[in-house]
Amino acid sequence: MPRSSPAPSAPDTLAGDDPHARESAAVAADLGVDPARGLSAVEAALRLERHGANQLAEPPRPSRLRRFASQFKSLLIVVLVVAASLAALVGEYKDAVVVAVVLLLNATLGYVQEGRAQRSMEALKQMLPSRARVRRDGRLLDVDGAEVVPGDVALLEAGDRVPADGRLLVATTLAADESSLTGETTAADKTAQPVAADAPVADRDSMLWMNTTVVRGRAELLVTATGMRTRIGEVAQLLSEATPRATPLQRQIDALGKRLAAIAGVAVLVVLAISLLRGETFLAAAMDAIALAIAAVPEGLPAVVTVTLAVGTAGMARRNAIVKRLASVETLGSADVICTDKTGTLTRNQMTARAVWHAGERHDVDGDPSQDGHGPRPTWAEGRDLGFAAMVRPNDADVRDGEIVGDPTEGALLVLAERAGADVGALRARPRVAELPFDAAIKFMATVHEDDTGRGTLVHVKGAPDVVLRRCSEVVGPDGVVALDEDWEARIRDAIDALAREGMRTLAVASRRVDAPAEARADVQALAESLVFESLVGIVDPPRSGVADAVARAHGAGITVKMITGDHPTTASAIAGELGIPGRTVTGADLDTMDDDRLASEIEDIGVCARVAPEHKVRIVAALRERGHVTAMTGDGVNDAAALERADIGVAMGIAGTEVTKQAADLVLADDDFTTIVAAVERGRAIYDNIVSFVRFQVATNIGAILTILTARAIGLPTPFTPIQLLWVNLIMDGPPALALGVDPARPDTMDRPPRDPSAQILDRRRLSRLLLTGAVMATGTLVVFGWGLSVRPDDDAAFAVTLAFTTFVLYQFGNAINARVESATVFSRHTLRNRQLWLALGGVLVLQIAAVHLALLRPIVGTVELEPVHWALAAATASSIIVVEELRKFVVRLLARRQARTAPSPDASPRPEGSHVA
């Protein structure tokens, strides 16, 4: 019967705060486990109950009812609820029902779209490791990853995902890809030896972290932390502490709702007072007030906003961007800073050879090779042996189905050799007789093979250039192998320094032939002397294709791009320079010396932040927001998640992104492509432009209706519209054109403009003054035809005059919609014809209005009588005045602008004061 694990005093806490700094035996003793046998099944069950499953805590999801109720938070929605309630109180149930239907439609649209985004996210989820190999009761078991507990001994090899945080017991030529946690591009070499207690996470070589990947060697890992107590769990905890923030669009709509509520309140009180002073009954006065309240609030606006955002969301999904919250689409359009991780976001997270120094000359490796090596062959490599055998034979990486398996740096050498013309399969066919695995202590790897005769030995070495160089006595020169004298050594060291300054990781390859048979028991380290230095290879994680253009386009749109990475500052600076990201480079240590005020004052000049921890990223985003920036944060690693949550909009990578990051993000890129972000920015700006257009359109309609009713009551005329007619205008007549305005294509200059001020109102004073002019024109024309109708048919209870005024006001919306699309240019241009949906909507509106006036079924409901063709012509002619007046206004504005430009002093004669703006 197997002996059970020692009965521990099984601590409930983890293995202290510094398992990386203590001997593994001491850590095992603290955890009450014998590493040779592992935990017993009974003890593992007890610890699972005590510590919980090895899973991250899921953020609480709101119930369906709460998610539906959240669609009613906007103040504009509240105003509509109040209007519907008041209509019901005075007996206007038809009005109340129509407004209620609009509110339910708006809420349903938002609810369905957010549910669709949630389902898309679930399809992208990358779960925690499903299985883990652990030693229990002296046997090797395959268990569910969620059942791993502190004290378990996990066995890992190349390609395995680490199931939990742990202290290394055994590390044989071990390296792990920790880019998702630390931002480091290259694999981290690991050791079972303790490290300094104050070592940062990236330098704790005696530890492995949950959800990182073993790329080389094998390991035995003593699990010290699971679930929320892991490093990933700490990041998840930071996310739970973040408070939701309103997006710029939400703030804009709320501000608009407050303005409209104030306007409606004042207008209702004025009409109520006028009606009561004229001796009308309270019920009649209340009816007029309710009609005005309905006129003052654009009932269709929330639905149009929701539909516009939903359409924008669908368009972005087709471009590989999944939006989790509708309002987040617009937020990207107002972003003026993008803080982006480097590894996997700006770069491929794929090590690639970019330069080769051979025979005294440097050669750049151009093109965009795939991982299987099928990129363009460099012309300079024709007929040359760059030391292919030393690149391929002492190399444990492989390429399977186009993917590199093993160490990414070794994979880069394989791809380089394939591209340069080497027959990798033939070179690898020669078996290894002996080998010296790579070790951090010696910094090179060597293999021993028989030569073609079987009587000689071939030795191939790859490793750190300074180490390999010290073991060389000869070098490949332009005319063959020559002695490695001081001149050649200096040239090689200069080449090493030059590549390092460009942010490249360098590897050297060398070989020799020994006139003695190869032996399995050979002293490989002794054989790795008197080598011939063959090539120096510069390796880097290169930028993604198109990223440099995307960064340039962002800069052209007034958006600053900042790189925030855990990688080395030299590497980060080199990539930033290649991509055109300006600004100085600072490190996490530099940030630690700055308080929040100093960081906020210097953040504008910083372009690259290297060697940063998650808390640094959060501080950077906070500093940018303190400076008034709308900040987007992109990333794929766990280390990005907290900053994504705190940024105005977080953008996660759907393929390489961790689950924690995707939960924190507002936008998930299905293709992990930075260039998609720029397209999303353009779409966000276009959406905002469209929102402004239909807000101008609908609010102008409401201002016109308010002025018409107020003026009519003030001069002693009856109310020109019934409440049903006002709902008809706001919903039926304004709804389709507003929806069509919401899908307007992006204007050509969308990405040539700087980001808008997020504090600016949708309806600022300038726009509001234009809308007042538009509303005044509509009110004047409508009252003129209304008065004329009363005078020509005084005995029909004003039905004819009301119908004529109603029809005129509806036709005014044709010109209003056309004007809303263009703020400053003339409407008589090709741009006016670009929106086919708008013209179809306007055609539909005309058909519906004809039906409302001439269809016997609708006339009693809408409250109309039939009109003759001459009356239609009068209404149309009157309604066309809105285009005439607006074109005259634009003409005067353009004329004054040209005159001001001609009379303005030149910049040389009178410098423009700082902070001033050009009109």
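Identify the single condition in (1) of a type outside the set (Asp, Glu); (2) within 20 Å of ALA520 (Cα to Cα); (3) touching a strand residue (DSSP E or B) at 6+ places or on another chain (Cβ under 8 Å); (4) surrounded by fewer than 11 Cβ atoms within 10 Å (Cβ to Cβ) that ALA483 does not satisfy, given that it satisfies every other one.
Status for ALA483: all satisfied but (2).
Looking at THR212, is it farther than 10 Å from ALA164 by Cβ and either at pLDDT 80 or above or surrounded by 23 or more Cβ atoms within 10 Å (Cβ to Cβ) (or both)?
Numbers: farther than 10 Å from ALA164 by Cβ: yes; either at pLDDT 80 or above or surrounded by 23 or more Cβ atoms within 10 Å (Cβ to Cβ) (or both): yes.
Here the answer is yes, as THR212 does meet what is asked.
Out of all the residues in the range 159-171, is one or more open to solvent by 30 Å² or more (accessible area, probe 1.4 Å), over 21 Å from GLY38 (Cα atoms) and of a type in the set (Val, Ile, Thr)?
No, the range 159-171 has no match at all.
State which residue pairs qualify: first residue within 17 Å of ALA851 (Cα to Cα) and inside the range 867-878, second residue among the polar types (S, T, N, Q) and assigned to a loop (DSSP other than H, G, I, E, B) in any location, beta carbons under 6 Å apart, and separation of 6 or more residues or different chains.
Final answer for the pair search is none.
Any residue in the range 16-41 that is touching a residue at least 24 places away in the same chain (Cβ under 8 Å) and part of a helix (DSSP H, G or I) sitting within a Cβ distance under 9 Å of a residue that is of a type in the set (Asp, Glu) and surrounded by 15 or more Cβ atoms within 10 Å (Cβ to Cβ)? List the pairs, counting only those 6 or more apart or interchain.
From residues that are touching a residue at least 24 places away in the same chain (Cβ under 8 Å) and part of a helix (DSSP H, G or I), the pairs are PRO19/ASP30; PRO19/ASP165; HIS20/ASP205; ALA28/ASP34; ALA41/ASP137.
With the requirement that a residue be at pLDDT 90 or above and open to solvent by less than 50 Å² (accessible area, probe 1.4 Å), what does the range 353-373 give you?
ALA353, ALA355, VAL356, TRP357, HIS358, ALA359, GLY360, HIS363, listed by residue number.
State which residue is most open to solvent (accessible area, probe 1.4 Å) when the search covers only the range 378-408 and only residues that are closer than 18 Å to GLY217 by Cα and at pLDDT 90 or above.
Restricting to residues being closer than 18 Å to GLY217 by Cα and at pLDDT 90 or above, the top hit is ARG393.
Listed here are the residues, each with its yes/no results for (1) surrounded by fewer than 24 Cβ atoms within 10 Å (Cβ to Cβ); (2) more than 44 Å from the chain's Cα centre (by Cα); (3) at pLDDT below 85.
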| site | (1), (2), (3) |
| --- | --- |
| SER759 | yes, no, yes |
| THR774 | no, no, no |
| GLY787 | yes, yes, no |
| PHE800 | yes, yes, no |
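For the range 851-866, enumerate the residues that are open to solvent by less than 70 Å² (accessible area, probe 1.4 Å), free of Cβ contacts under 8 Å to residues at least 12 places away in the same chain and assigned to a helix (DSSP H, G or I).
Here is the first cut: in the range 851-866, the ones open to solvent by less than 70 Å² (accessible area, probe 1.4 Å) are 851-854, 856, 858-859, 862-865.
Next, from what is left, pick out any that are free of Cβ contacts under 8 Å to residues at least 12 places away in the same chain: 851, 856, 858-859.
The answer is ALA851, ARG859.
Could you tell me whether GLY635 is without any contact (Cβ under 8 Å) to a residue 60 or more places away in the chain and closer than 17 Å to ILE338 by Cα? Please lay out each step first, then the result.
Numbers: without any contact (Cβ under 8 Å) to a residue 60 or more places away in the chain: no; closer than 17 Å to ILE338 by Cα: yes.
Considered against the rule, which asks whether it is without any contact (Cβ under 8 Å) to a residue 60 or more places away in the chain and closer than 17 Å to ILE338 by Cα, GLY635 comes out as no.
Just the residues that are crowded, with 18+ Cβ neighbours inside 10 Å and either of a type in the set (Asp, Glu) or within 20 Å of ILE677 (Cα to Cα) (or both), please, taken from the range 554-577.
Within the range 554-577, ALA554, ALA557, ILE559, THR560, VAL561, LYS562, MET563, ILE564, THR565, ASP567, ILE575, ALA576 qualify.
Looking at ALA295, ALA303, ALA284, which is the one that is of a type outside the set (Ser, Thr, Tyr), open to solvent by 10 Å² or more (accessible area, probe 1.4 Å), farther than 21 Å from VAL743 by Cβ and modelled with pLDDT under 70? Step through it out loud before you land on a result.
Working: ALA295 fails: open to solvent by 10 Å² or more (accessible area, probe 1.4 Å); ALA303 fails: farther than 21 Å from VAL743 by Cβ.
After ruling out the rest, the residue left standing is ALA284.
Would you check which residues across the range 649-675 are at pLDDT 80 or above and over 9 Å from the mean Cα position of the chain (by Cα) and list them?
The answer is ALA670, THR675.
Is there any pair with a first residue in the range 502-524 that is touching a residue at least 60 places away in the same chain (Cβ under 8 Å) and open to solvent by less than 40 Å² (accessible area, probe 1.4 Å) and a second that is assigned to a loop (DSSP other than H, G, I, E, B) and of a type in the set (A, V, I, L, M) whose Cβ atoms are under 8 Å apart and which are 6 or more apart or on different chains, and what are they?
Filtered contacts from the range 502-524: LEU507/ALA464; VAL509/LEU386; ALA518/VAL433; ALA522/VAL433.
Could you please find all residues in the range 409-429 being in a helix (DSSP H, G or I) and open to solvent by 30 Å² or more (accessible area, probe 1.4 Å)? Break it down stepwise before answering.
Narrowing the range 409-429 to residues in a helix (DSSP H, G or I): 409-419, 424-428.
Answer for the range 409-429, where residues must be in a helix (DSSP H, G or I) and open to solvent by 30 Å² or more (accessible area, probe 1.4 Å): GLU418, GLY425, ALA426, LEU427, ARG428.
Given the conditions (1) more than 19 Å from ASN835 (Cα to Cα); (2) open to solvent by 10 Å² or more (accessible area, probe 1.4 Å); (3) assigned to a loop (DSSP other than H, G, I, E, B), and given that ALA746 satisfies all but one, which numbered condition is not satisfied?
Result: ALA746 fails condition (1) only.
The values are calculated or read from the model by the stated rules, or taken from the named source; none is laboratory data. As the structure is a prediction and not an experimental result, all values here were calculated from the model. Every residue, glycine as well, gets a Cβ built from its backbone with ideal geometry; the counts of neighbours run over all protein chains shown. Ligands, DNA and RNA are excluded from the accessible area calculation, which covers all protein heavy atoms including side chains. Shrake-Rupley method; radii C 1.70, N 1.55, O 1.52, S 1.80 Å.
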